[in-house]
Amino acid sequence: MRSLLLVITPMVIFLGLCVGPVDTSLFQVWSLLPSIIVSQSPIDPDLMGSYPVVRELRLPRTFLAWLVGAGLAMSGAAMQGLFRNPLADPSIIGVTSGASLGASIAVVLIGSQFNAWLGLSSIVLGAFLGGLLAVVIVYRLASGAHSSVNAGSLSADQGTSVATMLLVGIAITALAGAANSALAFIADNETLRRISLWNMGGLDGANDQRCLVGLLIIVPSMLILWRSHRSLDALLLGESEAHYLGVNVSYTKRLLIMVVALAVATSVALAGVIGFVGLVVPHLLRMLIGPGHRQLMVCSALAGGILLVLADVLARLLISPAELPVGVVTAVIGAPFFILLLRQRNGYALQ
Amino acid sequence: MLYSDNAMIDEVLSFHAVSLVRGQNELLCGIDLQLASGQMLALLGPNGAGKTSLLNCVNGIKDYSGTIMLHGRSVLDFNLKQRAKILALLPQQSALSFPFSVSEIVMLGRYSHRTGNRIDCAITDRLLDLMHLTALAGRPYTSLSGGEKQRVQLARVLSQLVLTEDLALHRGSVLLLDEPVSSLDLLHQSSLMKVLKQLCDTGLAVAVVLHDLNLAAAYADQCALLKKGKLIASGTVEEVMTAPLIKQAYGIDVDIILHPKTAKPLVIRDH
């Protein structure tokens, strides 16, 4: 499975470089590859026209799509493992709705034109901070709670109960959603459109700076998540069982939640809200290769990257020369496919 | 199974005045108990007597008063992975909704060891063989029967204690089991107890919560009888399995006769 995905990945990325409103043949892009990879390499004069399109638009966009898709899918795999629930997704800890709210606040208060830092717009920073803040709130509230759900755990010092976190996450998501709606309600038409477009997800803002930020945050996050694969396997047995096996449960929980929050907040900040990838990719792969996280995490990252690059290609193609928000594409294609699979594997998800 | 070191540690696990309070309830009250290497201790008592709490104090619950010593050190002083290699606990029921295969589950026991994949696989194979699970190795855990699941879980906690490919245990290892036989049929009940007994003979110390007094009488070396958090009796099977003590613990009238074959006490209920 992993080698299959490894073979498909460069093919899909190449496809991402070839497709778009400006007509470029596969051969043209292929000849441009050396000059894209090595910047000093001379460019064939015939290809001068398509070089900027491929290098400045499609390359960062495809790269960012791959990075965000991989990050979301791997985060999803980690959250499903941590919550011991195949229906969990990265937004379950409140990060997505927090980022959404942060972006809306940035749009309403500052406007998206203002370049705050490193060529990143204020909306990106607003989303990033909003996402992280939401997770911190969820985590703190869940740690303080001594609800009936918590009583099941071994003792008071066992740390944050994931069940409580789930409930607090739902509450914070609802609250952030309400605040977001309130902002949209008071916003003027132009701002409203920008908020809602952002909420559909889109990679059209991709540039080298965004790619660099993504590379610096999402890739290390993915490495940390992957390193936790043994602990995640053990946690699937239950938190007490993992503790007996020698897993430092509260440390692992805190680490995973922080890292996922970082990766997802970055993804949402750079590419908007993209649903479905984090939920479905790890879920489908678990059906194919089993629940062991060693393979599952790597395959999820590869498949998530492939899926989002393909979805972005479709987003560019379907109503060309205009383009669809990529979040719409992932949902429209993914949801029916997912339902079909669930119906074939009767009752798997709720076993 | 062999010890990697032949020197035996006499008292591998001991409780000194262990008490545990949760809210208004005193779950455990001044428990003193010793477990020696090679011994099987049966923890007996009615529901809510504190048997499970006692096991959880050894690993997990930290806010008890009194001390629990493992190899002469407080259990709280151990590093998690260090402790996991000499002390394993099998809880009452393990809910698992992800379809791991049987051998993957057993392999999870290797979490705290850094023996490498090849040795871990070899250990897993041998334990599957020991627990008569080889035929099920590739099956998803979620598709097994209750009894099969229990045997898989036992193989998992054993793999946690094993050090080498020939199934040598860490010296003075302790295995705590919470009602391991309650979901098993009669045949698997006694075959599991026999496996435990064999492990004890090689030096493993086992503390096992049991509801079946006759099973405890047949296999255990020592018994501890709890009621409402208090230890009302402990000692050999013959010392604990007496009609007055059982009446005191469970509130039922019984007759104790000797088993015609083993001469162990046999508890007969007066209905």
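All of the numbers you see were taken from the coordinates with simple rules; none came from a lab. Being a predicted model, the structure only gives us computed values, none of them experimental. Positions of Cβ are backbone-derived with ideal geometry, glycine not excepted, and every protein chain shown enters the neighbour counts.
Quick notes on this one:
- Here the simple spin-label model places points 7 Å from the Cα toward Cβ, and for residue B:252 and residue A:251 these points are separated by 4.7 nm.
- Calculated P(r) of the protein assembly as shown - Cα pairs past 50 Å, %: 25 percent
- Helix-only mean residue ellipticity at 222 nm for the protein assembly as shown, each DSSP H run of n ≥ 4 adding -39500 (n - 2.57), per residue, nearest 500: -17000 deg cm²/dmol
- The Kirkwood hydrodynamic radius of region A:173-231, based on inverse pair distances between different Cα atoms, is 14.5 Å.
- Cross-link table B:197/B:264; B:227/B:261; B:85/B:149; B:227/B:247; B:51/B:230, entries beyond 19 Å C-alpha to C-alpha: B:227/B:261; B:85/B:149
- Among B:193, B:69, the ranking by other beta carbons within 10 Å of each residue's beta carbon, starting with the fewest, stands as B:69, B:193.
- Once the convex hull of all Cα atoms in region A:2-344 is built, its volume per residue stands at 149 Å³.
- Region B:218-258 shape via C-alpha gyration tensor axes, a/c threshold 1.5: oblate
- Isotropically averaged projected area of region B:76-190, using the convex hull of Cα atoms (one quarter of hull area), nm²: 7.4 nm²
- Hydrodynamic radius of chain B per Kirkwood, over alpha carbon pairs, in Å: 19.2 Å
- C-alpha long axis of helix A:293-317 to longest principal axis of chain A, angle in °: 40 degrees
- Calculated SAXS-style log₁₀ I(q)/I(0) at q = 0.19 Å⁻¹ - region B:167-269, Debye, Cα scatterers: -1.04
- B:134, A:164, B:262 arranged by Cβ crowding within 10 Å, fewest neighbours leading: B:262, B:134, A:164
- All-pairs alpha carbon distance profile, region B:1-122, 10 Å steps from 0, percent: 10, 35, 34, 18, 3, 0
- Diffusion constant of region B:173-224 at 4 °C, which comes from Stokes-Einstein with the Kirkwood Cα-pair radius and 1.567 mPa s, µm²/s: 116 µm²/s
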